[in-house]
1. Can you name the residue in the stretch 25-73 that is of a type in the set (Gly, Ala, Ser) and outside any helix (DSSP H, G or I) and, of all such residues, is surrounded by the most Cβ atoms within 10 Å (Cβ to Cβ)?
2. Inside the stretch 118-140, can you point out the residues that are assigned to a loop (DSSP other than H, G, I, E, B) and loosely packed, with under 15 Cβ neighbours inside 10 Å?
3. Just for the stretch 89-103: of the residues that are assigned to a loop (DSSP other than H, G, I, E, B) and at pLDDT 95 or above, which one is surrounded by the most Cβ atoms within 10 Å (Cβ to Cβ)?
Amino acid sequence: MVSCSSLISRKRVELIIEALGGITGVNIEWTHIGTGPQKDHLENLAQKTLSIHKNIKFEFKGHLENREVYLFYKKSNIDLFINVSSSEGIPVSMMEALSFSIPIIATNVGGVSELVSSNNGFLLNPNPTPEEIRQAIYKFHELSMESRLALRQQAYDTWKNKFNAETNYTSFIEDILRL
């Protein structure tokens, strides 16, 4: 599982940590990409909350350049992307995850519902509790391999059909030429 955001209060990374702290019966490897003013606080909270659980491994990678993020996504076997922000526009970080066929757990804020649906992930209410986040993680892990693969394919298809710049530019030019 991966999250990618600034470590600021609006991103509510502490909710991810609290949710993971209650996970039992499932092995989770969570990586957070990004840094910010809450870095030390969140790393300490994760250490205190998660290191006591043998089934949870976590890593804060800090800031990575875009190409490094893409390489990480490409080389890693990432099951889920998670974002529980209190506000968003249309998050590029989620588009990037979709482009690597990574299903998403995210809050229904801003334009997130344009990216995430039950076809390619799990849309949470705008103010989820750690338990609601945990339940979405459990739901994913309870899926059959066939259902997981379908979710991954839908994630990629969402990106390809709605957010692939090459496709959108071509379509835009064709629309202009028809004017």
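The values are calculated or read from the model by the stated rules, or taken from the named source; none is laboratory data. Predicted, not measured: the structure shown is a model, and the values here were computed from it. A quick note on method: Cβ atoms are made from the backbone with ideal geometry, for glycine too, and the neighbour counts reach across all protein chains shown.
1. Within the stretch 25-73, the subset of a type in the set (Gly, Ala, Ser) is 25, 34, 36, 46, 51, 62.
With outside any helix (DSSP H, G or I) added as a condition, the list becomes 25, 34, 36, 51, 62.
On the way: 25: 7, 34: 20, 36: 15, 51: 11, 62: 13.
Only one residue tops the list, namely 34.
2. At the first step, the residues of the stretch 118-140 found to be assigned to a loop (DSSP other than H, G, I, E, B) are 118-120, 125-129.
Answer for the stretch 118-140, where residues must be assigned to a loop (DSSP other than H, G, I, E, B) and loosely packed, with under 15 Cβ neighbours inside 10 Å: 118, 119, 125, 126, 127, 129.
3. So in the stretch 89-103, the residues assigned to a loop (DSSP other than H, G, I, E, B) come out as 89-91, 100-103.
Narrowing further to those that are at pLDDT 95 or above: 100-103.
On the way: 100: 19, 101: 20, 102: 24, 103: 27.
Of everything passing the filter in the stretch 89-103, 103 is surrounded by the most Cβ atoms within 10 Å (Cβ to Cβ).
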